[in-house]
Amino acid sequence: MGEVEIRSLVKVFGGNVRALDSLDLRIEDGEFFALLGPSGCGKTTLLRSIAGLEAPTSGTIAIAGRDVTRLPPGARDVAMVFQDYALYPHMRILENIAYPLKIRKVSRDERERAATSIAEELQLEETLTRRPAQLSGGQQQRVALARAMAVHPSVFLFDEPLSNLDARLRLEARTFLKRLQRELGVTTVYVTHDQAEALALADRMAVMEQGRIRQLGRPVELFQRPANLFVASFIGSTPMNLLPGVVSGDELAIGRHRVPVPPAFQGASRDGDDVVLGARPEYMNVVAPGSPGAMAGTVQILETLGTHTLVSVEDDEGMRIQVTVPEGDEPAIGASISVAASPDRAFLYRSADGELVGADGEP
C-alpha cells in the first residue's frame, strides 16, 4: 500500500515566507498524481516534504498509514528522481543503479543481479559499463528511474524529471513513464510546471498557488470546468479568453458587445454584478455578423499550431479575443470577422474573488 495522506501541512521559510499553507491532500494507492503550478507555488516544497528533505513547520504526513512526519528520508520507503537526475559521474551505470542497494548493505552479487535485471527492463543493458557523461539525456533519465526502482519503493517522487529533455525526447519519455507506472502500479507524485505533461500523465492532479491547492480532480475535470480564474488561466495549451463584463438580465455587457449569459449560469447572478466570461479559443467560433453573442473585431495575428491556427482578433475598444480555426480556414490579417463562444463551453466567474459563479462554486 502506498497511499499518501497530508494533513494541515505548513512550511514557513525565514520566519515569514509561507511556502505551504495548511495544506490537506490524500493521494490514493497506485495513483499517478501530478502537482502543477507556477514557480514558487509550493509544489516542490511539498514533494520534498513527502520525501523527508524538508521538515514541515506543522502538520503531518502519512505513507501507507504510517506517520512519517519526523522520519529521515531513508526510513520512508520512497524513491525520488530529481530534475538533474543526480547521477554519480564517477560511477558506471551499473553502480549508479545499484547504489541504493549498497546503502542498504545488500550483497554485491545480489545488487548487481537486481540492477542488471532492471536495466534490461528499461532497455539500458548496453550502457551498464559506461558513465553518465557518455549517455544521452533520455538514457540518463532512465538510469535515474532504474535507480529509484531498485529499492521497490511504496512511492515514486518525481521533480520535473523531463524538463532537461528536448521536445521529441520529452514526448517519448512521457509515454514511457505512463506505461511503466501502469505496469508497476507504484503510487507516483509528479511535480511539473508544464500543464501538458500533467494533463497527459496524471490520474488526478492539483493546481497550486501560493502554498494552497486551488483545484483538485481528474485532468479532464480541470480542463473542462476550471473552478476559478487562476486555474482557468493556467490550464490549457492556448490561454482562455477572460472577458470582463456586467450582468444585465440574461445578457452580459462586455464593452460595447451584448452576449447571452451561458445557459448553465443563468439566474445565478444579479443585475449589475461584475463578472468575467471565460471561453477557450478552441470553443470559440467564427460566426456571421449579428449572430447571437457575436463580437466583431479585426484580425491582428495568426499563429500556426499545426492542424489549427490561433487567430487574435481585436475590437475597436482594444479588447483582444482569440479563436482557433482549422488549417486552411485562416482569415486574412486585417480582415473584419465576428466570433462567439459556444454557449455550453463558456464559464462565468465573479470578478470580486475569481471563483465560478453559483452556490459553492456550482451554477
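The values are calculated or read from the model by the stated rules, or taken from the named source; none is laboratory data. It should be emphasised that the depicted structure is a prediction, and the values quoted were computed from it without experimental measurement. When we count neighbours, we look across all protein chains shown, and the Cβ atoms used for this are built from the backbone with ideal geometry, even at glycine.
Within the stretch 174-193, the set of residues being surrounded by 16 or more Cβ atoms within 10 Å (Cβ to Cβ) and either closer than 21 Å to L47 by Cα or of a type in the set (K, R) (or both) comprises R174, L177, L180, Q181, V186, T187, T188, V189, Y190, V191, T192, H193. Just one of the listed residues (I93, I97, I61) is assigned by TED's automatic domain parsing to the domain that holds D109 and either more than 30 Å from E120 (Cβ to Cβ) or among the basic types (K, R) (or both), and it is I61. Of all residues being part of a loop (DSSP other than H, G, I, E, B) and buried (at least 17 other Cβ atoms within 10 Å of the Cβ) in the stretch 255-264, which is farthest from the chain's Cα centre (by Cα)? Just the residue, please. The qualifying residue farthest from the chain's Cα centre (by Cα) is V261. Residues that are charged (D, E, K, R) and within 16 Å of R174 (Cα to Cα) within the stretch 102-161 comprise R142, D159, E160, listed in sequence order. For the criterion of being of a type in the set (G, A, S) and either free of Cβ contacts under 8 Å to residues at least 24 places away in the same chain or in a loop (DSSP other than H, G, I, E, B) (or both), A62 fails.
Candidates are the residues of the stretch 291-311 that are closer than 11 Å to A335 by Cα and not hydrophobic (A, V, I, L, M, F, W, C); the one that is surrounded by the most Cβ atoms within 10 Å (Cβ to Cβ) is G297. Residues in the stretch 303-315 that are without any contact (Cβ under 8 Å) to a residue 40 or more places away in the chain and of a type in the set (D, E, K, R): 2 in all.
Applying the set (1) surrounded by 22 or more Cβ atoms within 10 Å (Cβ to Cβ); (2) in contact with a strand residue (DSSP E or B) (Cβ under 8 Å, 6 or more places away or on another chain); (3) not basic (K, R) to L124 leaves exactly one unmet item: (2). Considering the stretch 316-328, the residues that are touching a residue at least 12 places away in the same chain (Cβ under 8 Å) and assigned to a loop (DSSP other than H, G, I, E, B) include one that is surrounded by the most Cβ atoms within 10 Å (Cβ to Cβ), namely M319.
Listed by first and then second residue, the pairs linking a residue in the stretch 329-352 that is assigned by TED's automatic domain parsing to the domain that holds G267 to a residue that is exposed (fewer than 14 other Cβ atoms within 10 Å of the Cβ) and of a type in the set (V, I, T), with Cβ atoms under 9 Å apart and 6 or more places separating them unless they lie on different chains, are E330/T304; I333/I301.
Taken over the stretch 22-49, residues that are out of contact with any Leu (no Cβ under 8 Å at 6 or more places or on another chain), buried (at least 16 other Cβ atoms within 10 Å of the Cβ) and part of a strand (DSSP E or B) amount to 3. Looking at the stretch 150-171, can you tell me whether even one residue there is of a type in the set (F, W, Y) and surrounded by 19 or more Cβ atoms within 10 Å (Cβ to Cβ)? Among the residues of the stretch 150-171, at least one is of a type in the set (F, W, Y) and surrounded by 19 or more Cβ atoms within 10 Å (Cβ to Cβ), which makes the answer yes.
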